[in-house]
Each structure stands twice: as C-alpha cells, then as structure tokens.
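To keep things clear, I will list the structure first and then write my remarks on it.
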2 protein chains.
Amino acid sequence: MCKILRIHLETGQIKEEKVSDDQTFIAGRALTSKIIAEEVDPVCDVFGENNKLIFAAGLYAGTTISCANRISIGGKSPLTGTIKESNAGGTFAYKMGKLGIRAIILEGLPSEDHMKILHINKDTATLIPADEYRNMPVYETAEKLKERFGEKVAISLIGPTGERKSLAAGIANTDNEGRPARYAGRGGLGALMGSKKIKAVVLDDGYATGPKVASPEKLKTLRSSLNKEILNNEALGRFTKYGTAGMVDITNSLGALPTKNFSRGSFDMAEEINGNKLYQTICQRGGGGNPSHSCMPGCVIRCSNVFPDFDGAEVVAPLEYETISLLGSNCGIGDLDIIAKLNYQCNNLGLDTIDIGGAIGIAMEAGVIDFGDGAGALRLMEEIESNTYLGRLLASGGSRTGQVLGVRRIPAVKGQIMAAYDPRAVKGLGVTYATSTMGADHTAGQTVRMPVEHHKADGQVENSKEAQITNTMHDCIGTCLFINPAFANNKHWLADLAMAIYGKDCQYEDLRNISKATLLKERSFNEQAGFSIKENRLPEFFYTEENPDSQTVFDVSEKEMEKIFDFE
Amino acid sequence: MCKILRIHLETGQIKEEKVSDDQTFIAGRALTSKIIAEEVDPVCDVFGENNKLIFAAGLYAGTTISCANRISIGGKSPLTGTIKESNAGGTFAYKMGKLGIRAIILEGLPSEDHMKILHINKDTATLIPADEYRNMPVYETAEKLKERFGEKVAISLIGPTGERKSLAAGIANTDNEGRPARYAGRGGLGALMGSKKIKAVVLDDGYATGPKVASPEKLKTLRSSLNKEILNNEALGRFTKYGTAGMVDITNSLGALPTKNFSRGSFDMAEEINGNKLYQTICQRGGGGNPSHSCMPGCVIRCSNVFPDFDGAEVVAPLEYETISLLGSNCGIGDLDIIAKLNYQCNNLGLDTIDIGGAIGIAMEAGVIDFGDGAGALRLMEEIESNTYLGRLLASGGSRTGQVLGVRRIPAVKGQIMAAYDPRAVKGLGVTYATSTMGADHTAGQTVRMPVEHHKADGQVENSKEAQITNTMHDCIGTCLFINPAFANNKHWLADLAMAIYGKDCQYEDLRNISKATLLKERSFNEQAGFSIKENRLPEFFYTEENPDSQTVFDVSEKEMEKIFDFE
C-alpha cells in the first residue's frame, strides 16, 4: 500500500493515486524529478499555477534503517529556474513511510489569499485555514502546530520569508525532538511553498502501520550489518564526534574554506570555528548542548548537534559545516556563538543559510558592513526580520544582492550561491557546481572525500560524474550521503534492503540506472527550460583570479565538462 | 580617412586603426556587434576586463542628411547578458563623422579606482583625470564639461547610477543645444561605462574637416529629394506636430498602452497624456517650450520637443512616448507635469526611463506606493538619488525589482522591461520582444505602424522578421527608424547616399545583407553566451492572462518564432 496524494489548491480537491507496480523503486528525487519532468511546463512561471511542489519519501522510509529517512522536496526552482530537489533529515519522510505515502503533490494556485495547512493522518488529508499563522516565525509556528495537532506530528513548514516569496527561502522540517530545523534549504523552494499559500504540511502517523515489510527478518539482519559497518568506520566515527564541522580543518588546509566572499580559501580564525572547537565548546558548556545528535529516526552516525549558549541553553541545532563556513569564514566571522545566532535567525525566518551567508558576504564586499562584523551581520538579520528593503534584498539570496549592489564577485551558478568549498581548490566539486542540474550544490556530487589531488584539474570531470551518479542515487533512495562509505564493500546491500522491504527483485545496478535516468531527465527539463550547456560554467573570477591560499585557478576544460552527462 | 580609436584602460594606451577598404560599409550596429562578436568572450563577466564598450557612428555620420547621425553604443549587456546595441540621437555621431572616427573602443579595466574622461579632438585623444565629477548628476556634469572644453563639444556621459553599476543605467548624449538628454538607455550600458570608470567621452570637432564626401553634388541632390519626401509625408508630419506622443491614441485604442504594470492596455486618463495634450500644453505655456525640436543636426522631422513648466521654464527635452507610457500610464499617472519631472530625474541620475518606469510600476504592484501616486513616484526617484537600498533596487531595473519584491507580473524579456506596447495587442512586436537578440526592445523590430491586424497572431512572425531586418539595417546605417517611410518608394536612395559619400558601389541589397549578417552574428554570440532558443518567449502571464482592453492573450506559435532567424 503505497500511495501518492495530489492536492489541487484551486479546487481544494485531494486525490489519492496508487503507485503502480512498475514504479515501486521510483522514490525520493527520482520521483520528484519524474513528476516535474512529466507534469510541469519547463518554461512556466515558477510562482504560477503550472509549477508544482512535491514531497517524496525514499525507498526505505518508515523503517529505522540508519540515515534512510530523508525527505526529497522538488519543483521548478524560484531561485535558479532549473528543476530542483532539495532534501533534508527529520521525521517527515519517516512518517510518510508509516502512513504509506510515497509522495505529496501540491499543484495549482489557490484563488483566494488565505494561508492553509495541509493536515494528513491515517484516514484523511485536510486543508485547514491558517491565516492565524501568517508571518509567524518558524519555531513559534512549529510550537503552535504541535500544541494543536500533538507533540509527535512531523511538520514541514515555511517562515515569513517563504510567504513573501523571497528567493532564498527554504522549507523547514521537524527533527526527532520536534525542532523545525532540518532544512530543505536550497533553490528557494520555501518561496514556491509560499506561492501555494501552504504554511505547513502536518503528518500525524498515529495508528499508522506502514510500511509493510516483505521480509522483516532479512531487513533486521541487513540493518544490523549496516550499523556494524557504520560503527566500525573510522571516518564516520569522526562524523559522530565532530559532526560536519570536522570539514573545517580539511578545507582550510586545502585552501578551500570560503573566506571573505570567496576572496581566499584559508581563514586565520579557522581554529575558532572548527570541529574541535565546536566539540569542546558544546562539551564544556553542558546543559542542553549535545555534540552528537541524530536528526532522523534510526540514525547511528549522529552527525548533528545541539549548540548551547554560555549558560547551557540551546541556541540552535544543528550547527553544520556549510553554515559555519558561509555565515562564518565567508563573512570573516570567527565566533561560533555569533554564527549559531545567525543560524538560528535564518532557521526562524525560513531561510537557506548558504545563500544568506553568501548574500551577507557580498553585502560586506559592497561595504554595507565590514567583513568580520558579527554584530552587523546580526543587524542584517533584523533587517530581514523587519522586512526592510535591504532585508528583502538579502532574502532574495546572494546572486540578486550582488547584482543590485554592483558587486562583481558573486560566487554563484545559475543564481544559487556555492556551498562551502572553493571550486579552485576542490576542482571536482567545481565541476559539480558548474554542471549539476541544480545550480551550485555540494550534495549534487561531492568529491572532497575522494582520495584525489583536489588542486589538479586532471580527472575531475570523471570524479564529479561518479559523485553525481552516486549522490543522486542516494537522493533517489532517500539515504543520507554520509552513509555511502558503509556500503563500500557491500554495494548490493542498497538493493537488498529494497528487496527486503518490497519483496521484489532489485539489483544495485538498477538503483544506479535510476540515478542516471533521473539526471538525464533533469537535464532534459533544464534544456526545455532554456538552459544551454554554455551556462554550465563558473563565474569568470574563478578562472582568472588566483585563490591565494590554494594558489590555483579553476582550469577544468569546458569541453570536457560539456560531456559529463554523456552516459554510456 | 576613417579610423577606429582603441583605448586600453589598464595601460592607458590609445591606438588608432584604419578602417580597411572592405569594411567601408560596416558602421553603427553592424560595427559594434562585429567587434563584440569577434573580440568579446560571450561568457565573460560583464563588468570584467574582457567586456568592451564600443561607440560607432553610422554610414552618413558627419553629414546633415536628415535623421542620419545616430550613435550606436554596444557591449555585452549588464542587464540582459546578451549582445547589446543601444542607439541615440544628439551630436556625438555627427562629430565623430566630422573627426573621421568610425568607432571608439573602450577595453580592459583600469587598475586604479579613478574616474577618467576621454577627450578627443582633431589631433589627439587623451584620458583626463575626472574624480572631481564623481557622483555628479548628468546635467551638472555636462554643464561643467562644456565650461571646461567649450560649448560646442559633443558629450556622451553617465550619471551616478552608471558609476554604481546600476543595471538600468544608460548613456546620455548631448543634443543640438548641448542638453545631455539623448539616451542610449537600454541594456545597462551606462553601468558598463561605469565599470570602465569613464565618466564621459568628449568630442571637440574644431577645425575638423570630415567627412570627405566623394560626390558632394550627388549627396546634395539626394538630400533635398529625401527632405522633400519627408516633408510631403503625412505620417511624418504628425511626428513633427505631436512627436512620438502621437502614439498614445493609437495604442490606447488598440488596448496596447501599458497601464498599471501591464495589467491592462487602455488608460482612463489617456487624453491627459496624449500627443494633442502634449502639443497644446507646450504651445499654451510658451516660454522655453517647443513642440517640435530636432535632436540631430539636419533632422527635418523634428519629433523631439522641449516641455516647459507652468512658467514656461524648461523641465525636460524631449518628453517621448515610451517615457510617457512607462512612467505615466504604466504607473497609473495621468499628469504630464509629473511624468516630465520623473523623466528629468531619470535623465539626471543616468537611468533608462523604460526600465525605471517598469520598476516603479512593479513597486506599485508590490504595494510600495499606490498606482497613480505621482508624488510617491517622485519620492522613489529621491530614493535612487540618495542611493538607499530601495533606490539601489529600483535602479537595477524592473526585472530584479520584481524578483526581490516577489511580484509575479514582470513584463520583461531576458531581464529587460518591455517598451510601451502590450505584446498581447501588438503581437508582431511581441514576437520581436521574444526573439530579438537584445531583449524586449521596440526598436529591434517595430511592427505597430504596419497595416496589419495587430490583435491577430497570424503572420506576425513574418512581420516581426521583416521589421527586425529593416530596423537593424537602419541601426547599421545610423539612421533613425522614423525616416524609413521616406525611403518607401526609393529604397535605393539608402545605398545611393552611401555611394555618394564613399565613392564605392553599394546596393540596397548590400545594406539589407549587412543587417541580416549582423542579426545572425548577434544571435550566434548569444548562443555562445548560453542563451537558448527556448528563452525566446514572453513571461507566462501574457499567454494566460487576457488583456481586458484588447481582449487577447499572446498566442503566436513558439515553433514559428523559433524559425525567425532562418534567413534564406
């Protein structure tokens, strides 16, 4: 029993569709992108009646397999204009699995200016008037919804910036403890949800019995083998201790840590914001702090954390690498307390920390405030909160901020700010930024952990291609990228898990083929939307301006990059 | 003796190049686009060292043939990212002709942050320090430069918004009386000039003897035949009386007059801003007002005007149709005095009235001020003047303003706001907006005066194609589009004039072929810059939202539009 809920917002009609037998293994990003490619006009107005917002759970959703309950959210991106999938942890996909829901499609536009909540339980799905939550920040909204619908519901929701259709608005999802802080941040999907006038989707899985597992014993065995692999993996152990912040030392030494609006790749205050500092700070302060926290049911990596203030009171959870770099080193800010506050503010207003970190870095380069001015950065968040014109501008993301303020150094591809890896110093990821179907995402094809010379151009197109296929495969399964090393010696487990759940034959190669087909489908959508292969490149300054810390420019051959999707 | 001046701004080197014999008839837009296509990397950073700004005079420059001294200015557009040529009247091209200069190329980027003036006379070209003019408005700058370099110089200059690299900044050119009000407004070329840190180019043609005319008698005869045709042409006579403002009644009755951010096509106050009202107002007020004024040496159409205030003091010259509509009806403002003040402010700050009119209309739709609020619109101009963040946003043009403010109805193509013809009601021009190599320009292929049914889709691709070829031909010759009817029965005169001047064989078909080749070259540049044929379309709302006054949507076939550049 696996179904798709289709909600037409103009008519209010809610339809239930059965997932057909031949679509059993099409989940997560494979499903969001399939629906978009088949049903959304590539040249449509992103905020018009022809765009759709899709939530899709992964293949293992609803089980407690580690790292396996990411929620894929997709649509034609308001920020980039490309097809988009942004995924997040939390409990939303888990509860979709429990409820036997593979996907939720929001389509059409409401004819009246009223916000709604989509509430779904075992028996029914309902659109509920929600004007009382209008302009309400994310945390307060989540609290009120939990009071109203029960502490255990999963919520996917937007903040005031999503309602305003700000292009850097993301979609927040509640975690294991109900914090609305697991963000599908990228691509402005929060603005798309805002245009549909849906403040939140609430899932109540009370009395739900899904997912029906074909071979529970097999699943149990595989699950414990997988957990053993995770717990024995040294690299993943570092994730457990330091979280993603462990990356700061790696990129800083590579000259790849975005610093002062990507003008350099090492930060003289890196030790103030690295994994060790984060770990020590959390441990020393105690209280509500927690250096190792899981964002999804069943996760044994637990790379998330809870960052406390001096008195041990929770400031934000999690504080992650991309945020630490974009709102930290990229703004010249070497203070975890300030970064944590900025992170909280982004979360609360409904914003992507990467694009906002990029926007603040660009505003600093334009002289709005100085690099390193943490108090100033917090004031800029207040500008967003107060919805001033400067605030509106910043909330539209780094690319528009740079264009309006006349800044030349805009580290973006297709209008989306790059994640926290300078592409001159991690060139494989530079290829991903340039060629991804999604704009400059790191999760679209992460190469930084590959054992290659990241400063060299040679081979990086192949590295990025492999990473894009693997990463997309995980997005389609609904698994976190971090689990990939645990499958290194047993890739077939990925398919075995699917077989155990669905009782149907599935091979690793099938999953890989779904990934490749998804990438080609996305690419074709983008072509139809007007994106040319010539746009698959980085901003000029990465080719001409040497990163002083890596002492490199980006020099991967354009011709080679153009062939990245020429799959056999 | 026809030369090209090449100014390298990093080295300060100024080189003189001879126009080779086989390039005799490559002038105006044919030349700016040729240089860009051959020398500018299509994917370059518009504000980087690889973009170039080119001023090119037309074929008849320096003579007093009517309507024949337009200045073509080109580069890769900061606003659209496409190749761009924007042309204007005034005396700049005339003096280039007198000085024997076919083109001026500004290339490279100065390494230091100092503004310069490029001063050119009969003997030499010099870069002069100009920091004293920094942030100085356009009119004051022009006055100071005339005081310094003589009343008779021609000046092409930018205002504070160009210096700030605001994307809606244009380039002002002085007219017959030295007013810096003939704008090459479109495409943000003022921002490109600002990025080159050139505040002004000053031409002193004292003692200059050009152009050397091969057959002066023949030229004289042709000139007087042409003038006779102009003076006997009834349509052109209306231009002389009412100026371009005569168009208000035509578009208003077609439902094509952009009204309240293109939400409708007729304006209930159209009679307050039409040609007759303009003419009567200017005549009644007298003083410095003038209903018929020529912007270029030798022009006998004289469609320009000088608009006076109640006391007869000049407010602005000229007040033209596109401005009257975009800053007037499009903002719900039915008051010529307010429109004239807004026009003056745009001119003085260095801005394109079309994109700023679009931006204000969009800001009105976003609720920044109300439609029809003239005092509010003037306050918005003060925001630009004071360089507030709202001002910065507006000065970046309508497209970014709409994106940042979350407005869906953005009447732009490739980031550039449409001129004053609703494409649902003048569908041929809609095809031009969609397919032009330049974004939504009306002068790229004007169909409104063709004797066709403008509300019908049928045949409009052919109409636009013919208009694009003809209009581009005039841009390449340096002639004003308005003169075209005077050649209706004697198209060969266009070539005969060139033969009389250059003493070389030239046929009408040659000029038409130069136009076609230019269009194809521009198109190829755009393709290399990443523009796909799929981007040749209008915003979605023109296809889905009926214009209530024309009762039409835009319904020209995409497939047909894709073939518009398939020249035989």
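Each value in this text was obtained by applying a stated rule to the coordinates, not by laboratory testing. These numbers come from a predicted model, not from an experiment. Heads up, the Cβs are rebuilt from the backbone with ideal geometry, glycines too, and the neighbour counts pull from every protein chain shown.
Structure data summary
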item: Whole-Å distance, taken between Cα centres, linking segment A:263-325 and segment B:245-323; result: 64
item: Listed peptides A:292-304, B:315-327, A:545-557 by packing density, highest first (mean Cβ within 10 Å); result: B:315-327, A:292-304, A:545-557
item: Label-point separation, A:K559 to A:D309 (7 Å along Cα→Cβ), nm; result: 5.9
item: About the Cα centre, charge dipole magnitude for the protein assembly as shown (Lys/Arg +1, Asp/Glu -1 at Cβ), debye; result: 840
item: Prolate/oblate/rounded call for segment A:224-562, Cα gyration tensor, a/c under 1.5 rounded; result: oblate
item: Protection proxy ranking, peptides A:345-354, B:435-444, B:558-567, average beta carbon neighbours within 10 Å, highest first; result: A:345-354, B:435-444, B:558-567
item: Rg and Dmax of the protein assembly as shown, Cα atoms only, in Å; result: 30.8, 102
item: Ellipticity estimate at 222 nm from DSSP helix runs (n ≥ 4, -39,500 (n - 2.57)) divided over chain A, nearest 500; result: -11000 deg cm²/dmol
item: Partner chain coverage, peptide A:44-50 - average Cβ within 10 angstrom; result: 4
item: Nearest-20 debye value, segment A:3-203 charge dipole, Cβ charges on Lys, Arg, Asp, Glu; result: 480
item: Debye intensity ratio in log₁₀ form over the Cα atoms of chain A, taken at each q of 0.05, 0.11 Å⁻¹; result: -0.17, -0.93
item: Inter-copy label distances at B:G312 (7 Å, Cα→Cβ; nm, one decimal); result: 8.6
item: Other-copy label distances relative to B:D505, 7 angstrom Cα-Cβ extension, nm; result: 7.6
item: Charge-dipole axis of segment A:224-562 as Lys and Arg at +1 and Asp and Glu at -1 on Cβ define it, positive-most pick from A:F531, A:L511, A:H442; result: A:L511
item: For segment A:497-568 and segment B:115-131, distance of Cα centres in Å; result: 49
item: Position A:E560, label points 7 Å along Cα→Cβ, spacing to each other copy in nm (shortest first, one decimal); result: 4.7
item: Peptide A:398-410, shielding by other chains (average Cβ, 10 Å cutoff); result: 5
item: Under 5 Å, built H, 5+ apart or other chain: amide partners of A:C299; result: A:C67
item: Among beta bridges that DSSP assigns inside chain B, antiparallel share in %, nearest 5; result: 80
item: Projected area averaged over orientations for segment B:277-430, convex hull of C-alpha atoms, nm²; result: 10.0
item: Distance from segment A:166-197 to segment A:23-90 (C-alpha centre basis), Å; result: 13
item: Debye, to nearest 20: dipole size of chain A, +1 on Lys, Arg Cβ, -1 on Asp, Glu Cβ; result: 1140
item: Kirkwood Rh in Å, taken over segment B:3-203 so that all alpha-carbon pairs contribute; result: 16.2
item: Average beta carbon contacts from partner chains per residue of A:525-536, 10 Å cutoff; result: 4
